[in-house]
């Protein structure tokens, strides 16, 4: 019987779950006498005493402690098995190793799957870069860069290359350079070189 509510607790035999339980044996008005029971002992209780002790957790149904201990041990065992490799688990349980069937790299019908587009930092996602810079030389024609300093990158270079050039030439700090697009970085370089030429 599994106790689900106080009304279901009846008189009967229960197992002591507390470290010790003193059950009075004397009647009201008589000198107090009792029997001391230890954990695991079986005691016979009336309905009122059984309800009080069960709700207090002092007694349980016979075998309930062993059942709870067995369930806890089973959970620990299953968790330990789950942490093992398939081979070690099979060696313990005696069951064959189950491996997942590898999925085909290509669909059963049709050609190979088209890989998803990836974003690169080479300027390929800016179709107007080459058109705008097709008639521009890679180096500043007006001598806006120091021959001993960093070399101005070609117009088709990646944004990261232009960002490094802007930082190395002192046009912008690293934080601002990384926040701009490649077109904005090129524009800043042009402005910087124009200011140097006018100066």
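Every read-out reported here was derived from the displayed coordinates using simple, explicitly stated rules and does not represent laboratory data. None of the values given here were measured: they were computed from a predicted structure. As a convention, Cβ positions derive from the backbone with ideal geometry for all residues, glycine included, and neighbour counts pool all protein chains shown.
Some points to look at:
- Simple label model, 7 Å out from Cα along Cβ direction - residue 83 to residue 175, nm: 4.6
- Theoretical FRET efficiency, 1/(1+(r/R0)^6), r = Cβ-Cβ of residue 42 and residue 10, R0 25 Å, to 0.05: 0.95
- For the stretch 33-97, the mean projected area of the C-alpha convex hull, equal to one quarter of the hull surface, is 6.7 nm².
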